[in-house]
Amino acid sequence: MNTEKTRDIHNNMNSTGERLRNARENLGLTQKNIADRLCLKISIIRDIEEDNLPTSLASTFLRGYIRSYARLVRIPEKELRSMLAQNTPITDPQVAIMKSYSLGKNKNKKDNLLFIFTWFILLFLIGLTVMWWWQNSITDQSNVVLVHDPYTAVKTHKH
């Protein structure tokens, strides 16, 4: 019992990276094994173990990688939470404001010409379709042969 408390106190004094490395080594795994299982680069695993947390990586992803790593090396969730709170501060990434390319854009002469040209092509295609349909309907009507059907014909007689 006393040795477990001593081990827990010792583990809490280690950094997150040291704790993860110790757990990995106790399981006999290499950094490559961890990287392959988590689908991460070995350099990210190395940086996590050395507590060289990449500044280019969003803290959400970094915490997720550490959480996945901890699950893989069987570190309890409670211990993981305290390690993350102490050693992995949440930082907001620097996000630049994006320039809008669609809202409030002034229309220029090229835009108007393109708009008019597009409508011209559309109306031209519709006109061609109507002409094709009209010619086919005239051709179909001229090819119709009147057939005398005695059952439907109406006979009128004058007296």
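Results for (1) open to solvent by 100 Å² or more (accessible area, probe 1.4 Å); (2) at pLDDT 85 or above; (3) assigned to a helix (DSSP H, G or I), shown as yes or no for each residue.
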residue	(1), (2), (3)
Ser82	no, no, yes
Ala96	no, no, no
Tyr101	yes, no, no
Thr118	no, yes, yes
His159	yes, no, no
**Asked** In this structure, does Leu57 turn out to be part of a loop (DSSP other than H, G, I, E, B) and at pLDDT 75 or above?
**Response** yes
**Prompt:** In the stretch 10-29, which residue that is open to solvent by less than 50 Å² (accessible area, probe 1.4 Å) and part of a helix (DSSP H, G or I) is nearest to Leu84 (Cα to Cα)?
**Reply:** Thr16
**Request:** Search the stretch 30-54 for residues being open to solvent by less than 60 Å² (accessible area, probe 1.4 Å) and in a loop (DSSP other than H, G, I, E, B), and hand back the single one that is farthest from Met83 (Cα to Cα).
**Result:** Leu40
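The values are calculated or read from the model by the stated rules, or taken from the named source; none is laboratory data. Model, not experiment: these values are computed from the prediction. What goes into the accessible areas is simple: the full protein's heavy atoms, side chains included, and nothing from ligands, DNA or RNA. Shrake-Rupley method; radii C 1.70, N 1.55, O 1.52, S 1.80 Å.
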